[in-house]
Amino acid sequence: MSTTLRRRTHPRPSFRLPYLGRLLTLPFVAAHRAFRPARPDRVTDAGIEAAQIARTAIGIVATLWLVYAYPLQESAAAFALGKATEALVSTLVMLVAGPLVLAGFILAARGPARAVYRRRLTGPVTGFGALLGSVAALWFLIVEGGGLQSASAHGSLPLLGPLLSMAGMLFALPFGITAALLCVHYTFRAADVHEVLPPLIAPVLTWVTFGFQVLDTSPVAAPAAVQLLFLVGPPLSVTALSAWELRRLRTAYGMTVRRALLR
C-alpha cells in the first residue's frame, strides 16, 4: 500500500489592492481619528447625526444645482478658489472661537464640573495640534522644500530627499484638506468636553462666515431672491438644527447648559 505525499501550497500574499487601498486612505483615516470625538462615555444620538448628514447633503446638492441652473460670473477656477477660501475662513474662525467658547464654558462651570471638563480637554487639544501640525508640515514642504534646499547645498540626499518630500506632500496635503473640513464639522471635538458645546459653537461659526459672505459678490448670476436664500439659508438652517439638537439632548437625555455648568 503506497501513500502519496501532497505538498501543501500557500497562496502568496498580494500587495496590490488591500495594502495600496490602506496606503491611499491613510491621510483621511488619520484625520478622521484625530478630529472625531472619542470620549468613551459620550452620548451619541443617531437622529442628531442623521440630521447633520442630511443638512450637509442638502447643502451640497443645492450648491451644485445653483451652479448648474445659473451662469457663473467668474471662471470655474475662481469659483473653486472662492469655496476653498470660505472653508479656510471657517477654519480660522474655528481656531479663534473654539478656544474662547471652551474657556468660557469651563470658567462658567462650578468647581466639580470644571475639574472634569479640564480633564476632557485632551480631545480638543489633539484636534488643534493635528491641524496646526498639518499646516506646519505643508509650510515646510512647500516653502522650504522639505529641507531639500539645505540638503542640496551640502550635496546630501540626492535621490532620497525628493522621494521623502513627495511622500510627505502626498500625506500632508489630503490630511490638511480633510482636517480643515472635519475640524469645522466636529467643532474641534468640543463634544469630548460636553455634548451641549457643538450646538452652541456651530451657529456662531456660520453667522461669522455669513458676515464675510455678505461683503463678497455672488459668484452666480441668479435672481436676488435666490441669492438671498442661499446667503441666509446656511446660517438659519444651522441655527435651527442646533436649537433642535439642544432640545433633543434636553428631552431625551436630560442635558442642558445649566445642568452642564451645575448652575
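Each Cα pair under 8 Å and six or more residues apart adds its separation to the average, and for the chain the resulting relative contact order is 33 percent.
For the chain, the share of accessible area belonging to carbon and sulfur comes to 69 percent (1.4 Å probe, ligands and nucleic acids excluded). Solvent-accessible surface of region 176-243, taken per residue with a 1.4 Å probe and all protein chains present: 43 Å².
Run the Debye formula on the Cα coordinates of the chain, all scatterers equal and no solvent, and tell me log10 I(q)/I(0) at q = 0.10, 0.14, 0.15 1/Å. The calculated log intensity ratios at q = 0.10, 0.14, 0.15 Å⁻¹ are -0.67, -1.10, -1.19. For the chain, complete DSSP H runs whose alpha carbons reach 20 Å or more along their own long axis and whose mean Kyte-Doolittle score is 1.6 or higher are 76-108, 160-185. Estimated from helices alone, the mean residue ellipticity of the chain at 222 nm is -24500 deg cm²/dmol (sum of -39500 (n - 2.57) over DSSP H runs with n ≥ 4, per residue). The charge dipole of the chain, taken about its Cα centre with unit charges on the Cβ atoms of Lys, Arg (+1), Asp and Glu (-1) only, comes to about 1480 debye.
At 0.36 nm per residue, and after removing the present C-alpha to C-alpha distance, how many nm does the segment from residue 44 to residue 69 gain when stretched out fully?
Numbers: separation 25, 0.36 × 25 = 9.00 nm, distance 3.80 nm.
Fully extending the segment from residue 44 to residue 69 adds 5.2 nm.
Per residue, the average separation of C-alpha pairs within less than 8 Å and at least 6 apart gives region 186-263 a relative contact order of 39 percent.
Using 1/(1 + (r/R0)^6) with R0 = 22 angstrom and r between the beta carbons of residue 166 and residue 19, what's the FRET efficiency to the nearest 0.05? If you can, show how the numbers build up before the last one.
Details: r = 19 Å, r/R0 = 0.85.
That gives a FRET efficiency of 0.70.
Given R₀ = 22 Å, FRET efficiency for residue 185-residue 119 by Cβ-Cβ distance, to 0.05? Intermediate results must be reported in sequence, preceding the final value.
Working: r = 24 Å, r/R0 = 1.11.
With a Förster radius of 22 Å, E is 0.35.
The values are calculated or read from the model by the stated rules, or taken from the named source; none is laboratory data. Treat the numbers as computed from the prediction; the structure is a model and nothing was measured. Ideal geometry is used to build each Cβ from the backbone, glycine not excepted, and the neighbour counts take in all protein chains shown. Surface accessibility is based on the protein's heavy atoms, side chains included, excluding ligands, DNA and RNA. Shrake-Rupley method; radii C 1.70, N 1.55, O 1.52, S 1.80 Å.
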